[in-house]
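Working notes for the structure below.
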Amino acid sequence: MSSLVLTDHFSTLAPQYDAVLSDVWGVIHNGVTAFPEACDALTRFREMRGSVVLISNAPRPGNQVRRLLDNLKVPHSAYDGIVTSGDVTRAEVEKRAGESVFLIGPERDHTIFTGLDAPFRSAQEAEYVVCTGLFDDEIETPDDYRGLLGELRGRGLFMVCANPDIVVERGDRLIYCAGALADAYAELGGEVYYAGKPHRPLYDLALAETARARASRALEPGVALSRVLAIGDSVRTDLRGAHDLGVDCLFVTAGIHAEELGHRDDPDLSALGGMFSAAGHAPEAITRRLAW
């Protein structure tokens, strides 16, 4: 795939689509700083009567992600709605109302359970597990959890993974996410429900939110999948999720794969082609960063 070509301007693709499902971390911001060009591109797409729903593997409800975006000065003009793996996780926890849960994740993620009947218990007492991340992702790695995961597997506990990402950008660093622990648990033979990308439940919510948002703007709510574009920076979650849903993907190289590709501004296209070959599918278009 050495013949891959970079697309520098989203404006050349935009007329082909009516709806965008856009990743957040790595496309719109890096956890510390918002990307003004990306916000501008999505705003311009909406001005063309397009709709934008942000889809995130954040292990917290969409309204909390909105507050984070507000703090980062991401304008509301850039999107119509937000759907997160946290929203999917809450729905799964609601199905298990009254069952005790062991939470693997930092205290900041406790709000995912607000208003739900999900009493916290220890690893020895809980009836199932929810993993939102590492307890301290600044210093820990998945290796620190081998013993705990083995204990949970020994009890045969079902795990809900609230963030299928393996890593995420935080400034100029890559931080381990819940997906790394969930994959390790699955390798031990544990049963895992992945609440976010690339799995279908999140996309079903996103398409429903797209229809709702478009109707509220007096746009035709129904959009053919051929007119939907997914934007993201992860081969594992964004590219695969788009492929499995049956929609086109605009792949952003200056995200979590940037170091593997050599440089954020000058990615190694041969290495990128190798990634796509290994994944078994390629995006419709590739860009360094989302910009109009």
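The values are calculated or read from the model by the stated rules, or taken from the named source; none is laboratory data. This one's a predicted model, so the numbers in the text were calculated from it and none came from an experiment. Quick reminder, even Gly has a Cβ in these numbers, built from the backbone with ideal geometry, and neighbours come from all protein chains shown. Keep in mind that these areas ignore ligands, DNA and RNA; they rest on the heavy atoms of the full protein, side chains included. Shrake-Rupley method; radii C 1.70, N 1.55, O 1.52, S 1.80 Å.
Looking at segment 95-194, which GluC sites (Glu not before Pro) are in a loop (DSSP not H, G, I, E or B) and have at most 10 other Cβ atoms within 10 Å?
E138
Suppose a student asked you for the relative contact order of segment 1-116, using Cα pairs under 8 Å spaced at least 6 residues apart; what percent would you report?
Over segment 1-116, the number comes to 24 percent.
For V20, what residues show an amide H to amide H distance below 5 Å, using hydrogens built from the backbone and excluding near sequence neighbours?
S51, V52, V53, L229
With a sphere of radius 14 Å drawn around the Cβ of G150, what net charge do the other residues whose Cβ falls strictly inside it have (Lys, Arg +1; Asp, Glu -1)?
-1
Whole-Hz ³J(HN,Hα) for each residue in segment 281-292, computed from phi via Karplus 6.51 cos²θ - 1.76 cosθ + 1.60 with θ = phi - 60°, x for glycine and proline: what do you get?
Once θ is set to phi - 60°, the couplings for segment 281-292 become 7, 10, x, 5, 8, 10, 9, 5, 9, 5, 8, 5 Hz.
For segment 54-60, in order, what is each residue's ³J(HN,Hα) by Karplus, 6.51 cos²θ - 1.76 cosθ + 1.60 with θ = phi - 60°, in whole Hz (x at glycine and Pro)?
For segment 54-60, the Karplus curve yields 7, 10, 9, 8, 5, x, 8 Hz.
Using only C-alpha atoms and all pairs of different ones, pull out the Kirkwood radius for segment 53-150 in Å with one decimal.
For segment 53-150, the Kirkwood estimate is 14.8 Å.
Quick check on the chain: of the DSSP beta bridges with both residues there, what percent are antiparallel, nearest 5%?
15 percent
Along the positive direction of the dipole of the chain (beta-carbon charges: Lys, Arg +1; Asp, Glu -1; about the Cα centre), which of N71, Q16, I28 reaches farthest?
Q16
Compute for segment 108-180: radius of gyration divided by Kirkwood radius, i.e. Rg/Rh, restricted to C-alpha atoms, rounded to two decimals.
Result: Rg/Rh = 0.98.
Which value, in debye to the nearest 20, describes the size of the charge dipole of the chain about its Cα centre when Lys and Arg Cβ atoms bear +1, Asp and Glu Cβ atoms bear -1, and nothing else is charged?
Computed about the Cα centre, the dipole is about 860 debye.
So, for segment 232-284, what is the accessible surface per residue at a probe of 1.4 Å, expressed in square angstrom?
40 Å²
For segment 145-292, with only Lys/Arg (+1) and Asp/Glu (-1) charged at the beta-carbon, what is the dipole magnitude about the Cα centre, in debye rounded to 20?
Charge dipole of segment 145-292: 440 debye, to the nearest 20.
Please state, to two decimals, what the Cα-based radius of gyration of the chain comes to when divided by 2.2 N^0.38 Å (N = residues).
0.99
Grab every C-alpha pair in segment 253-292, bin the distances at 10 angstrom width from 0 up to the longest one, and report whole percents.
31, 58, 11
How big is the C-alpha Rg of segment 147-224 next to the rule-of-thumb value 2.2 N^0.38 Å, as a ratio?
Relative to the 2.2 N^0.38 Å estimate, segment 147-224 comes out at 1.51.
What does the accessible area per residue of segment 38-170 come to in Å², with a 1.4 Å probe and no ligands, DNA or RNA counted?
Using a 1.4 Å probe on heavy atoms only, each residue of segment 38-170 averages 42 Å².
For F120, which sequence-distant residues (separation of 5 or more, or a different chain) have an amide H within less than 5 Å of its own amide H, given hydrogens modelled in the peptide plane?
Amide H neighbours of F120: V101.
Would you mind getting me the FRET efficiency between L174 and V5? Use the beta-carbon distance for r and R0 = 25 Å, nearest 0.05.
Computed FRET efficiency for L174 and V5: 0.40.
Provide the gained length on full extension for the span R217 to Q124, in nm with one decimal, where the gain is 0.36 nm per separating residue minus the Cα-Cα distance.
Stretched out fully, the R217 to Q124 stretch lengthens by 28.5 nm.
Counting other C-beta atoms within 10 Å, and keeping those with at most 13, which DSSP coil GluC sites (Glu not before Pro) do you find in segment 201-292?
Here the GluC sites (Glu not before Pro) that fit, given the DSSP loop and packing criteria, are E259.
Which residues' amide hydrogens lie under 5 Å from the amide hydrogen of I286, considering only partners 5 or more residues apart or on another chain, with H built in the peptide plane?
T7, F251
In whole angstrom, how long is each semi-axis of the equivalent ellipsoid of segment 1-67, when you take the square root of 5 times every eigenvalue of its Cα gyration tensor and sort them from largest down?
23, 16, 12
How large is ³J(HN,Hα), in whole Hz, for each residue of segment 262-275 in order, when computed from phi with the Karplus curve 6.51 cos²θ - 1.76 cosθ + 1.60 and θ = phi - 60°, using x for Gly and Pro?
For segment 262-275, the Karplus curve yields x, 6, 5, 8, 9, x, 7, 5, 5, 5, 5, x, x, 4 Hz.
Treating the angle as unsigned and between 0 and 90°, give the value, to the nearest 10°, between the Cα long axis of helix 178-187 and the longest Cα principal axis of the chain.
Helix 178-187 sits at roughly 60 degrees to that axis.
Computed over the Cα atoms of segment 170-292, what is the convex hull's projected area averaged over all directions, in nm²?
Over all viewing directions, segment 170-292 projects a mean Cα-hull area of 9.4 nm².
Tell me the carbon and sulfur percent of the accessible area for segment 139-289, rounded to whole percent, probe radius 1.4 Å.
Heavy-atom surface of segment 139-289 belonging to carbon and sulfur, 1.4 Å probe: 49 percent.
What distance in nm lies between label points placed 7 Å from Cα along the C-beta direction at D204 and R146?
3.8 nm
Whenever you get a sec, line up H263, H257, H199 from highest to lowest accessible area (probe 1.4 Å, protein heavy atoms).
H263, H199, H257
Round to a whole number: what % of the accessible area of segment 1-100 belongs to carbon and sulfur, probe 1.4 Å?
Reported share for carbon and sulfur atoms: 48 percent.
Can you show me the helix-derived [θ] at 222 nm for the chain, built from DSSP H runs with n ≥ 4 at -39,500 (n - 2.57) apiece and divided by the number of residues, rounded to the nearest 500.
Value at 222 nm, helices only, nearest 500: -9000 deg cm²/dmol.
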